[in-house]
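Engineer: What follows is a structure written as structure tokens; I'll ask about it next.
The values are calculated or read from the model by the stated rules, or taken from the named source; none is laboratory data. Predicted model only: the values in this text are computed from it and were never measured. Ideal geometry is used to build each Cβ from the backbone, glycine not excepted, and the neighbour counts take in all protein chains shown. Only protein heavy atoms, including side chains, enter the accessible area calculation; ligands, DNA and RNA are left aside. Shrake-Rupley method; radii C 1.70, N 1.55, O 1.52, S 1.80 Å.
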Amino acid sequence: MLEANGRSAYQDLSENICPYIDQKRVVNEIALVDMRTGKVTYGIYSLFKIIGHAIPMLNPLFTFKPFAWAMSKIYALVSYNRKIIIPKRPKPQEMWPEFKLHYRMLYLILSWFIAAYLLTHYGNAYREYLICGGQLFFQGAVCLLYRPQKLWDYLGNMMTISLAGSLLLLPLLWIHTFLQLHTMVYLLYFLFVAGLMLLEHLRRSKILDLGYSLTFSWLIYRLVILGFIMF
């Protein structure tokens, strides 16, 4: 369906394609341009066309309206939050996805509940939900005092780290269902994951130009909670 050179980043669109494209919309949604007719398809419907061309049997599913609606919302959730899922420093004059508060809040809530649910396998269910939620409010308050204009970007990055950390603990949980390992193995793996999370927090804070203050408060919060759990 696509030619060998038929893909292009929205920042590198050629002049013959630009007249067809909604420049504002293409930042948020993948655009599929039919060069013969000039018709443009955006977002999840572009993916449906590409996948449907490769696997025709899926086309009835893609035309099923409830499925298409649900997938369009999932697509939007990922698209509007992709720069906090995989962050990078913006280049000069680079266009970034539009910020939509309701999609950012939905991402934060989903990350909170997924991370807390995964961690309930290691502790008290209600406690894990409170710890993850408390982190959001505590770090949010610190960020509001320190750098309020970065609040939503920071919280999104922080919850991505929490979600990734909880996912990294899953292999240990799966192994535990088959093998009983020495307590020291579990402790060392937890420390390894915690170290990776700390390094990632430092890296993302650097990308956001936030310095070390929020990493320090993030670390203090976790150490205080750990103290309460252990003692």
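Engineer: Out of (1) 104; (2) 179; (3) 138, which label holds the value of volume of the Cα convex hull per residue in Å³ that was computed here?
Structural biologist: Computed from the coordinates, volume of the Cα convex hull per residue in Å³ corresponds to (2).
Engineer: Among 44, 62, 205, pick out the residue whose Cα is farthest towards the positive end of the charge dipole of the chain, where Lys and Arg carry +1 and Asp and Glu carry -1 on C-beta, about the Cα centre.
Structural biologist: Result: 205.
Engineer: For a quick size check, give me the Cα extents of the range 119-185 along its three principal axes, largest first, whole Å.
Structural biologist: 48, 20, 17
Engineer: Of all the C-alpha pairs in the range 14-137, what % are more than 20 Å from each other?
Structural biologist: 60
Engineer: Which angle from 0 to 90°, rounded to the nearest 10, does the C-alpha axis of helix 213-230 make with the longest principal axis of the chain?
Structural biologist: It is inclined by approximately 50 degrees.
Engineer: For residue 150, give me every one of the lysines with a C-alpha distance below 17 angstrom, ignoring sequence neighbours fewer than eight places off in its own chain.
Structural biologist: Counting by Cα, and skipping residues close in sequence, residue 150 has these lysines nearby: 83, 88, 100, 206.
Engineer: On to the next question. Which order do the peptides 156-162, 121-127 come out in when sorted by mean C-beta neighbours inside 10 angstrom, highest first?
Structural biologist: Descending mean neighbour count gives 156-162, 121-127.
Engineer: At a probe radius of 1.4 Å, what is the per-residue accessible area of residue 172, in Å² to the nearest 10?
Structural biologist: 10
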